[in-house]
Amino acid sequence: MKKNRNVGIVGVGQSVYSSHREEVNQPEMIHEAVVEALEMAGITMAEVDCVVHGNMELFEMVHQPDLWHTLGTGAWGKESLRVTTGGTTGATLAAAADHLVASGLHDVVLAIGFEKLQEGHTTGGITNMADPLWGRQLQTGALTGMTAAQMIEEFGAERAKAAAMAYRILMDANAMKNPKAHRRLGLRPDQAEELAANSPALVGELRMIHMCSQSDGACAMIFASEEKARQLCAQPAWIEDHVTAHREEMFCLFGNAPVLTTHRHCARKLFARNGIRDPRREIDLFEMYDPSAWWGLDWLREFLLLEGDEHLRMVESGAIAMDGDFPVNPSGGVIASNPIGATAMVRVAEAALQIMGRAGGHQLPRPVRRALASGFGGTMWTVLFLLASDTERQAAA
């Protein structure tokens with residue numbers, strides 16, 4: 001994937017994530033993230049060439065919200081794009097911004113993802129966007145107990161349940177270090193059995209404690225050409241590559257043909273294209289889109305191209321903790337904060353902050369040279385980003 005120009009992330013802004021941001025309207029909430037991103041980059045809106053904006057319109061029931069949000073985005077008089085690709089929207093926004101700068105069309109692009117879910121009806125949006133017969137597996141959205149059932153069958157109930165809860169508690173420990181995270185519960189390892197027994201069941205062994213919530217919030221990112229990025233930022237987060245893959249739900253509706261997940265497909269393609277043979281050793285952290293503890297646990301195997309029970313052993317040994325050898329979601333992940341139109345962007349933004357050394361209380365204690373970030377949505381759609389620091393790029397050269 002040869003680019004016309006290198007692209008760096010030079011500014012990141014996030015609002016506080018919460019179940020209800022009733023003290024602000026949508027443009028005001030977005031404005032919080034935009035101002036923070038501009039301040040980090042040290043620029044004003046006058047230096048932004050284009051604004052890429054997106055969310056899940058069905059969830060707030062506001063058509064073309066980017067027009068109203070001009071008050072908060074500063075997009076008036078500028079070239080603008082509106083993007084919606086389901087749960088992957090935030091990562092698609094980042095991919096679009098990267099392409100706009102890499103192509104030479106623009107030098108500085110502001111990307112904004114948001115959701116204000118408490119002003120709409122998320123379940124109503126999900127249940128009305130697919131045929132009720134052919135698309136009935138979509139009607140529950142991310143609420144599925146299938147992964148839990150499969151893992152219990154493969155590894156036994158006791159081990160699978162313990163690993164899923166260990167993953168959940170590790171994510172909460174990270175969220176406690178992130179003041180902008182929505183769910184900061186202070187969970188302890190000695191509560192694992194109590195939580196598993198007493199948390200309300202959603203579907204099968206998927207319980208409330210395992211699942212992400214609905215969050216209000218916004219994320220903004222500033223992408224710049226290499227020349228601009230070096231002027232604006234001491235350590236930009238360089239976009240090495242990204243891959244997108246879609247698989248429709250009806251692909252295996254009839255029969256039990258083996259399926260290659262979009263996660264594993266993207267990982268294989270991304271790693272091969274960038275000469276990565278051992279992702280656990282060659283990548284310093286992973287900001288993964290993990291809608292539930294069960295999916296987060298299972299998807300470690302897919303994204304890292306693992307076999308057998310390697311992913312369970314990573315969690316059981318604490319390897320994915322912030323002081324482990326392969327930290328996952330220092331921000332707390334999607335289980336902690338889920339503003340759907342921004343959620344996948346937050347993964348890329350948090351990975352960038354780690355490379356820039358600007359993650360604050362949840363900054364890793366060692367330098368981050370390479371970071372992976374994923375987005376997930378739709379029926380099985382994946383966007384996978386690889387970011388790098390100057391140190392890594394120099395080493396590769």
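The values are calculated or read from the model by the stated rules, or taken from the named source; none is laboratory data. Not measured: the values here are computed from a predicted model. Here Cβ is always computed from backbone atoms with ideal geometry, including for glycine, and neighbour counts include all displayed protein chains.
Among residues of region 232-243 that are surrounded by fewer than 20 Cβ atoms within 10 Å (Cβ to Cβ), none has a beta-carbon under 9 Å from a residue that is at pLDDT below 95 and assigned to a strand (DSSP E or B) at least six positions away or on a different chain. Candidates are the residues of region 42-87 that are in a loop (DSSP other than H, G, I, E, B), without any contact (Cβ under 8 Å) to a residue 12 or more places away in the chain and of a type outside the set (Gly, Ala, Ser); the one that is farthest from Leu110 (Cα to Cα) is His63. Taken over region 273-325, residues that are farther than 18 Å from Ala91 by Cβ, among the hydrophobic types (A, V, I, L, M, F, W, C) and within 17 Å of the chain's Cα centre (by Cα) amount to 6.
The numbered conditions (1) surrounded by fewer than 17 Cβ atoms within 10 Å (Cβ to Cβ); (2) under 19 Å from Arg5 (Cα atoms) are all true for Leu100 except (1).
If you go through region 273-292 and pick out every residue that is more than 26 Å from Arg366 (Cα to Cα) and among the small types (Gly, Ala, Ser), you end up with 1.
Each residue in region 1-41 was checked for being of a type in the set (Gly, Ala, Ser), closer than 17 Å to Lys180 by Cβ and either in contact with a helix residue (DSSP H, G or I) (Cβ under 7 Å, 6 or more places away or on another chain) or outside any strand (DSSP E or B) (or both), and 6 pass. Of the residues making up region 258-289, those that are hydrophobic (A, V, I, L, M, F, W, C), over 19 Å from Pro327 (Cα atoms) and touching a residue at least 60 places away in the same chain (Cβ under 8 Å) are Cys266, Leu270. With a requirement of 1 or more residues that are free of Cβ contacts under 8 Å to residues at least 12 places away in the same chain and surrounded by fewer than 18 Cβ atoms within 10 Å (Cβ to Cβ), the helices (runs of 4 or more DSSP H) lying completely within region 290-346 that satisfy it span 310-316. Pairs meeting the criteria (first residue in region 191-220 and under 21 Å from Gly120 (Cβ atoms), second residue of a type in the set (Phe, Trp, Tyr) and in a loop (DSSP other than H, G, I, E, B), beta carbons under 8 Å, at least 6 apart or on different chains) are Ser215/Tyr17; Asp216/Tyr17; Gly217/Tyr17. Report, by residue number, each residue of region 196-228 that is within 30 Å of Asn25 (Cβ to Cβ), out of contact with any Asp or Glu (no Cβ under 9 Å at 6 or more places or on another chain) and surrounded by fewer than 19 Cβ atoms within 10 Å (Cβ to Cβ). Listed by number, the residues that qualify are Met208, Ser213. Leu93: touching a Cys at 6+ places or on another chain (Cβ under 7 Å), touching a residue at least 60 places away in the same chain (Cβ under 8 Å) and either part of a helix (DSSP H, G or I) or on the phi > 0 side of the Ramachandran plot (or both), yes or no? So Leu93 does not fit the description; no.
Considered as a group, the residues in region 71-97 that are more than 20 Å from Ala41 (Cβ to Cβ) and among the hydroxyl-bearing types (Ser, Thr, Tyr) include one that is surrounded by the fewest Cβ atoms within 10 Å (Cβ to Cβ), and that residue is Thr84. The residue that is surrounded by the most Cβ atoms within 10 Å (Cβ to Cβ), among those in region 1-12 that are in contact (Cβ under 8 Å) with a residue 40 or more places away in the chain and over 15 Å from Ala351 (Cβ atoms), is Asn6.
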